[in-house]
1. Expected output is a single nm value to one decimal: the length gained when fully extending between residue 102 and residue 158, i.e. 0.36 nm times separation in residues minus the C-alpha distance. What is it?
2. Please compare each pair in 80/110; 84/107; 53/107; 84/125 to a cut-off of 22 Å on the Cα-Cα distance and tell me which ones are over it.
3. In percent, what relative contact order does segment 90-145 have, based on Cα pairs under 8 Å that are 6 or more apart in sequence?
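Bear in mind that the values in this text are calculations on the coordinates, not laboratory data. Keep in mind the model is a prediction, meaning the values are calculated, not measured.
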Amino acid sequence: MISDNKASYSIHLRAQSHNNPPGPLGRILDAPEYIFDTVESPQHVLEIIIVLKPSLTISDLSVDQLIFDQTEFTLTVIVKNEGKGIASNVKAEINMPEGVVLMQGDKTLKLGDIDPGSQKIASWKLSGAAGMHAVNITASASNFNPIYYTGQISIISRIMVIIPIVAFIAGIIVVFIIGKTKDWW
């Protein structure tokens, strides 16, 4: 208890999340309330509130297979909350370059709430033309500003795979024919 000549004060300390605010300060976490030196009915209560904020990151862009042109593949990223508060109503959105198309589902995925230290996976089914493509991912939460991530995917042309195989087979045939024609002389 703190007191001066005019009043006595009780100090309350509680942790509070920065999400799902019922009022201007947010909802209380499952954290204890620390009360320092209270009295039955103090004249004034000084309450110190610590706001716990989320912090989102996007990482580990990956695909499920070697990607050939016009073949469906799954692109995956991890959205992680590295902050101290719950990230509310998290969404991940993919922005595809020209030549890459979404095969099924929505470009914006609703991931829900992400607890501190936890992560969720966002996946999209895509297909595209051969080449290097920059894919942009945005993650946002109702209580955190959007973050942006750019990753590269390489889609291989089927022709680029077939040409070396055909050349190899043609080389074997030529060697075989040359070997046979030497026997004829």
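1. Details: separation 56, 0.36 × 56 = 20.16 nm, distance 2.03 nm.
Result for the pair: 18.1 nm of gain on full extension.
2. On the way: 80/110 14 Å; 84/107 28 Å; 53/107 27 Å; 84/125 32 Å.
Where the Cα-Cα span goes over 22 Å, the pairs concerned are 84/107; 53/107; 84/125.
3. Details: 75 pairs, mean separation 29.1, N = 56.
Relative contact order for segment 90-145 comes out at 52 percent.
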